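Trainee: Encoded as structure tokens, here's the structure I'll be asking about.
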Amino acid sequence: MGFRLLKKAIETLITVFVASLVLFALIRLAPGDPAKLLIGSTFEVAIDVEAYDAAVNETREQMGLTESVPNQYFSWMGSLLQLDLGNSYYTGRAVTEELGERLPATLLLAAAALLIQVILGFVVGTLSAVYNGAFFDTAVRVICVGLASIPGFVIGLLLLLLLAVQFGVYEITSQASLPRLWLPALTMGLLGAPQMIRVVRANLLSELGQVYIQSAVSRGLSQRRVVWHAMRNALIPTITMIGLSFTAFIGGAVIIESIFAWPGLGEYALEAILNKDYPVLQGYALLTVVSVVIIHIIVDAIYAVLDPRVSRRQERAVTNE
């Protein structure tokens, strides 16, 4: 058990290190100069070119961008070990502080969206499997394909146009409050529901075809009890789907948060992308990676609790190594 935890901790550290290295390089390879974006173009600042170049070079030096990329990475890692993600180029505030202010709004939105996705996934997916081949099942599959084919920002803008502009039932502000939560959460839940519905439907159909289910039906068990027993076994594979959806909502809500002016990490990251605010981008990317790793560890633990065979297989794998 102790060796397994140590192995998991080492794997986690390696994953975070490699991800931080790749993300740091990708951020530096992106086109655009943060110093020029901060100062503005020569037309905007209306100064002579020589003075402008001197100001750009001075700003780049203050940002630490005149050093080589490896030196910039090791400098960032050194600060990171002291839990310092640096300061934003634009606000001058600590990135950890700004991330901490925005994280609760994103977690609230992600949790609400995940709840909607799970409810839709289990209810509609179960009914679709029970009525396999019927009109309801066909309609669900067509709707799922339609929702999966439409870009998320299109659905978000349509809902915003209908419910906020046309009917006035949604307040357009930039505050993270419960009355404003339902529409962005509904949008994200609808976007994620087709995948969950398909996974639940496929797993349930697989279980309903098992011998033990046929035996239960032949003994005269009611359809409700048969579906309940099949659902318990079909639940395990969907745990992974729920974990992946939650990480996607945390790290991928950039567009939805921007459309609904939800002051979370996504909107914060989009502003940083447009401004080439490297410290913010690095902090956001690292936070997303760490969130993904932690959620996967939690999913593995839930797997082991729900199915002890998984835990025994992992122990045998560690012993054989």
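Per-residue answers, yes or no, for (1) farther than 30 Å from Leu103 by Cα; (2) of a type in the set (Phe, Trp, Tyr); (3) open to solvent by 60 Å² or more (accessible area, probe 1.4 Å); (4) more than 25 Å from the chain's Cα centre (by Cα):
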site	(1), (2), (3), (4)
Leu178	no, no, yes, no
Ala185	no, no, no, no
Ile197	no, no, no, no
Arg219	yes, no, yes, yes
Trp228	yes, yes, yes, yes
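Trainee: A further question on this structure: Report the residue count in region 70-94 for those that are of a type in the set (A, V, I, L, M) and open to solvent by 70 Å² or more (accessible area, probe 1.4 Å).
Mentor: 2
Trainee: Just name the residue that is most open to solvent (accessible area, probe 1.4 Å) out of those in region 95-153 that are in contact (Cβ under 8 Å) with a residue 60 or more places away in the chain and aromatic (Phe, Trp, Tyr).
Mentor: So the residue we want is Phe153.
The values are calculated or read from the model by the stated rules, or taken from the named source; none is laboratory data. What you see is a predicted model, and the numbers here were worked out from it, not measured in a lab. Don't worry about glycine lacking a Cβ; one is built from the backbone with ideal geometry, like all the others, and counts go over all protein chains shown. Remember, those area values only see protein heavy atoms, side chains included, never the ligands or the DNA or RNA. Shrake-Rupley method; radii C 1.70, N 1.55, O 1.52, S 1.80 Å.
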